[in-house]
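Written out below as structure tokens is the structure these notes cover.
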């Protein structure tokens with residue numbers, strides 16, 4: 001192996017140690033500030049949900065803590081009637097659709113991406129820059145993922161209750177994210193920062 005390549009990557013043990021330390025820091029940050037971050041984003045999420053589908057109206061959106069987990073709870077009403085699976089759903093003001101999703105699941109890319117970026121070889125300053133960039137990219141993904149996931153959860157609940165099995169890109173994305181897709185996205189975001197390498201020395 002050329003010496004330049006050998007010097008670029010640390011031993012597997014050092015890489016694993018850096019990754020474990022990075023995960024410990026990002027997990028602690030998510031534990032302490034994750035719910036507060038989600039709450040800060042809820043006004044934007046509310047506006048996005050209003051714009052995604054005019055058949056629904058947001059009646060409640062908030063973060064709730066229970067004995068098992070911290071979740072985002074969404075209550076939707078039907079703002080107008082529509083047909084789904086051959087059944088007519090009327091705009092009954094008494095009707096409501098409740099969905100929820102764990103906060104921890106949504107924060108997975110924000111936990112994984114900065115830790116992965118910081119574990120990649122390089123000087124300390126470069127690692128910190130990579131980690132910061134990865135956190136910003138993961139946050140940008142969260143801004144999109146949060147309203148889309150809640151909207152998809154609502155449609156998944158409706159489709160299940162009405163036994164609708166038609167293909168839907170939205171529900172396919174929802175199933176992908178539930179089956180580990182966010183983990184992969186976090187790794188991809190972290191690895192994408194590998195472009196930030198050490199500046200060449202004279």
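Data table
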{"item": "Every pair of residues 6+ apart whose Cβ atoms lie under 8 Å, when the first sits in region 9-25 and is closer than 20 Å to residue 108 by Cα while the second is modelled with pLDDT under 90", "result": "18/10"}
{"item": "Residue 115 being surrounded by 21 or more Cβ atoms within 10 Å (Cβ to Cβ) and either in a helix (DSSP H, G or I) or touching a strand residue (DSSP E or B) at 6+ places or on another chain (Cβ under 6 Å) (or both)", "result": "yes"}
{"item": "Qualifying position, being within 26 Å of residue 75 (Cβ to Cβ), in contact (Cβ under 8 Å) with a residue 40 or more places away in the chain and surrounded by 20 or more Cβ atoms within 10 Å (Cβ to Cβ), among 149, 157", "result": "149"}
{"item": "Exclusive hit being closer than 21 Å to residue 133 by Cα, part of a helix (DSSP H, G or I), modelled with pLDDT of 75 or more and over 18 Å from the mean Cα position of the chain (by Cα), set 19, 27, 41", "result": "19"}
{"item": "Number of positions in region 38-47 that are farther than 15 Å from residue 101 by Cβ and touching a residue at least 40 places away in the same chain (Cβ under 8 Å)", "result": "1"}
{"item": "Residue match in region 97-110 (condition: outside any helix (DSSP H, G or I), modelled with pLDDT under 90 and either closer than 28 Å to residue 135 by Cβ or in contact with a strand residue (DSSP E or B) (Cβ under 6 Å, 6 or more places away or on another chain) (or both))", "result": "yes"}
{"item": "Residue that is surrounded by the fewest Cβ atoms within 10 Å (Cβ to Cβ), among those in region 44-69 that are in a helix (DSSP H, G or I) and within 17 Å of the chain's Cα centre (by Cα)", "result": "44"}
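Conditions tested, residue by residue: (1) within 26 Å of residue 61 (Cα to Cα); (2) without any contact (Cβ under 8 Å) to a residue 60 or more places away in the chain; (3) over 18 Å from the mean Cα position of the chain (by Cα).
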residue	(1), (2), (3)
108	yes, no, no
125	no, yes, yes
162	yes, no, yes
173	yes, yes, no
192	no, yes, no
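The values are calculated or read from the model by the stated rules, or taken from the named source; none is laboratory data. Source: prediction; values computed, not measured. Methodologically, a virtual Cβ is constructed for each residue, glycine included, from the backbone with ideal geometry; neighbour enumeration extends over all protein chains shown.
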